[in-house]
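Q: Here it is, the structure, as structure tokens.
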Amino acid sequence: EAGVAQSPRYKIIEKRQSVAFWCNPISGHATLYWYQQILGQGPKLLIQFQNNGVVDDSQLPKDRFSAERLKGVDSTLKIQPAKLEDSAVYLCASSLGRRTVKNTEAFFGQGTRLTVV
Amino acid sequence: DAKTTQPNSMESNEEEPVHLPCNHSTISGTDYIHWYRQLPSQGPEYVIHGLTSNVNNRMASLAIAEDRKSSTLILHRATLRDAAVYYCILIQRGYSTLTFGKGTMLLVSP
């Protein structure tokens, strides 16, 4: 079974530039998550989709971050403009998402390491 | 979300058992206890979950206190590959949001 695919693996940009990350979840997974993980901290949920609808985006800095999940499959996360404090690993995860405990198991991609200089 | 408390770090020797504690004194009756771990430079991975009864799988065992206010993840024989950050997470039945804390960094020595 193919895992969660993310690209790019690494990205270096200057502050005030824009950047986009792409995620392809496991086939058939309805729930997709984007997390931000700053060095030394646990992952912080930015946004959670159920199919192509947003379940939770309460911690997404909406003045600069946006995310979409067209057709309920792939997703992109964009930052525009980037700030120095956005330097982090951005993790995508997916789960079956149906309302049973077993199906909440989340599978994570390897992440995109963003450095803003 | 109900909060969990874990030690910042723990150390173990290879091939010895490891008991990783988690306190969740405000847990509700519908909260499941999940454990994930994150190996260096990897995304988190699922380890185990439970509600009331102790659980075993190929990776670990989960021991849940009778009052459910604490739980312990047990690695029966630690290997160098088990060195990771371990996260204890509560997920309410019917929901799927994973809220990570700081976790416990497990160091395993040869």
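Q: When you scan the range B:13-22, do you find a residue that is exposed (fewer than 15 other Cβ atoms within 10 Å of the Cβ) and under 11 Å from the mean Cα position of the chain (by Cα), even just one?
A: yes
Q: Oh, and also: Output the number of the condition that A:ASN52 fails; it satisfies all remaining conditions of (1) touching a Leu at 6+ places or on another chain (Cβ under 9 Å); (2) modelled with pLDDT under 95; (3) open to solvent by less than 80 Å² (accessible area, probe 1.4 Å).
A: Result: A:ASN52 fails condition (3) only.
Q: Where the second residue is of a type in the set (Gly, Ala, Ser) and surrounded by fewer than 16 Cβ atoms within 10 Å (Cβ to Cβ) and the first is at positive phi and lies in the range B:57-77, which pairs have Cβ atoms under 9 Å and are six or more apart or on separate chains?
A: B:ARG68/B:GLY29
Q: Only residues in the range B:82-110 that are more than 17 Å from B:ALA60 (Cα to Cα) count as the first member; pair them with residues that are of a type in the set (D, E, K, R) and assigned to a strand (DSSP E or B), Cβ under 8 angstrom, at least 6 apart or cross-chain, and list the lot.
A: Pairs found: B:LEU90/B:ASP31; B:ILE91/B:ASP31; B:GLN92/B:ASP31; B:ARG93/B:ASP31; B:THR97/A:ASP56; B:PHE100/A:LYS44; B:SER109/B:GLU11.
Q: Sort out which residues of the range B:57-96 are within 11 Å of another protein chain (Cβ to nearest Cβ) and assigned to a loop (DSSP other than H, G, I, E, B), and write them in order of number.
A: B:ARG93, B:GLY94, B:TYR95, B:SER96
Q: Here is a further query. Could you please find all residues in the range A:57-73 being within 12 Å of another protein chain (Cβ to nearest Cβ) and crowded, with 16+ Cβ neighbours inside 10 Å?
A: Step one: of the range A:57-73, the residues within 12 Å of another protein chain (Cβ to nearest Cβ) are A:57-59.
Across the range A:57-73, the qualifying residue is only A:ASP57.
Q: Can you tell me which residue in the range B:81-110 is surrounded by the fewest Cβ atoms within 10 Å (Cβ to Cβ), limited to those that are in contact with a helix residue (DSSP H, G or I) (Cβ under 7 Å, 6 or more places away or on another chain) and more than 17 Å from B:HIS49 (Cβ to Cβ)?
A: Only one residue fits best here, namely B:PRO110.
Q: Right, next: State all residues of the range A:37-46 that are within 11 Å of another protein chain (Cβ to nearest Cβ) and either within 16 Å of A:PHE21 (Cα to Cα) or under 11 Å from the mean Cα position of the chain (by Cα) (or both); if no residue qualifies, say none. Steps first, answer last, please.
A: As a first pass, look at the range A:37-46 and keep what is within 11 Å of another protein chain (Cβ to nearest Cβ): A:37, A:40-45.
If the condition is that a residue be within 11 Å of another protein chain (Cβ to nearest Cβ) and either within 16 Å of A:PHE21 (Cα to Cα) or under 11 Å from the mean Cα position of the chain (by Cα) (or both), then A:GLN37, A:PRO43, A:LYS44, A:LEU45 are the ones that fit.
The values are calculated or read from the model by the stated rules, or taken from the named source; none is laboratory data. Just so it is clear, the structure is predicted and the values come from calculations on it, not from any experiment. Note that we place each Cβ from the backbone using ideal geometry, even for glycine, and neighbour counts take in every protein chain shown. Ligands, DNA and RNA are excluded from the accessible area calculation, which covers all protein heavy atoms including side chains. Shrake-Rupley method; radii C 1.70, N 1.55, O 1.52, S 1.80 Å.
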